[in-house]
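Remarks on the structure that follows.
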Amino acid sequence: MENQGTELKKVWPANPALDETTVSTQPIFEGKIITLQVDTVTLPDGNTATREVVKHPGAVAVLALNNGKMLVVEQFRQPMGRTEVEIPAGKLDPGEDPLEAAGRELQEETGFHGGDLFLLKSFYTSPGFANEIIHLYVTENAQSGAMALDEDEFLEVFELTLEEAYEYIADGRIADAKTMMAVYAWHLYTLTGKWN
């Protein structure tokens, strides 16, 4: 599969009748990961409205299979106030190629590496208010190595069968979209033998 950039391209006919034009942008907050701005836009009917927009550098996630099991990490997620079981993931550094970032995040968070990483799909997480895009990669033969966690990163690594992954979804231990999407893609692959 071809590597996609940090933005998805329009592959369908655009509908100019629905376009909004940005009139002004007011910066509100600039943090380590995100920025928040309020845009004033002109609507298709000529009226104006405001849009609260979260800007994010983009991220990668990896569905890494090791002997038929999916590598996952469990870590505390402050916005949720609890731990969450997820596939390895992390944000893109400025100018970083998503494929390289996927390999880096897999190794840093799990100690595993996958030389045959390929892009499954890129998707926006919350297009109603954020421009965050996640590039979901797959490797079917992850190989163990050494972890290299960030200094503020604490997590546990383990593996799940497909059946266990569905149990984790059912009981809420897996509740984030990227991991659920990865599980569903993996399940579809077991049925069809194809990743796309």
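The values are calculated or read from the model by the stated rules, or taken from the named source; none is laboratory data. These figures come from a predicted structure and were not determined experimentally. Neighbour counts are summed over all protein chains in view; Cβ atoms, including those assigned to glycine, are modelled from backbone coordinates with ideal geometry. For accessibility, only protein heavy atoms count, side chains too; no ligands or nucleic acids. Shrake-Rupley method; radii C 1.70, N 1.55, O 1.52, S 1.80 Å.
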With r defined as the distance between the Cβ atoms of residue 140 and residue 25 and R0 fixed at 41 Å, what FRET efficiency is calculated, to the nearest 0.05? 0.40
Separation between the residue 39 and residue 17 pseudo-spin-labels, each 7 Å from Cα along Cα→Cβ, expressed in nm? 2.2 nm
Nearest 10 degrees is fine. How inclined is helix 162-171 to the longest principal axis of the chain, computing both from alpha carbons? 50 degrees
For the chain, built as a Gaussian network whose Cα springs stay under 10 Å, the top-fluctuating residue of 61, 89, 14: 14
Only Cα pairs within less than 10 Å get springs; with that Gaussian network setup on the chain, which residue of 13, 94, 27 has the largest fluctuation? 13
In Å³ and rounded to a whole number, note down the convex hull volume per residue for the Cα atoms of the stretch 52-192. 120 Å³
Go through the stretch 46-54 residue by residue and turn each phi into a ³J(HN,Hα) via Karplus (6.51, -1.76, 1.60, θ = phi - 60°); whole Hz please, and just put x for glycine and proline. x, 6, 10, 8, 10, 10, 8, 10, 9
Magnitude of the Cβ-charge dipole of the stretch 59-192, K/R +1 and D/E -1, about the Cα centre, nearest 20 debye? 440 debye
Apply 1/(1 + (r/R0)^6) to the Cβ-Cβ distance of residue 158 and residue 190, taking R0 = 22 Å, and write down the FRET efficiency to the nearest 0.05. 0.65
Would you mind checking the tilt of helix 98-110 against the longest principal axis of the Cα atoms of the chain, expressed as 0 to 90 degrees and rounded to 10? 50 degrees
Scan around residue 137 for amide H atoms under 5 Å from its own, H built in the peptide plane at 1.01 Å from N, and keep only partners 5 or more places away or cross-chain. 61, 62, 63, 120
Report the residue, chosen from 139, 110, 42, that carries the largest GNM mean-square fluctuation when the chain is represented by alpha-carbon nodes joined by springs under 10 Å. 42
Roughly what % of DSSP beta bridges within the chain run antiparallel, to the nearest 5? 85 percent
Just to verify a number: what accessible area does residue 169 come out at with the full protein assembly present, 1.4 Å probe, Å² rounded to tens? 30 Å²
Percent accessible area from carbon and sulfur atoms, the chain, protein chains only, probe 1.4 Å: 53 percent
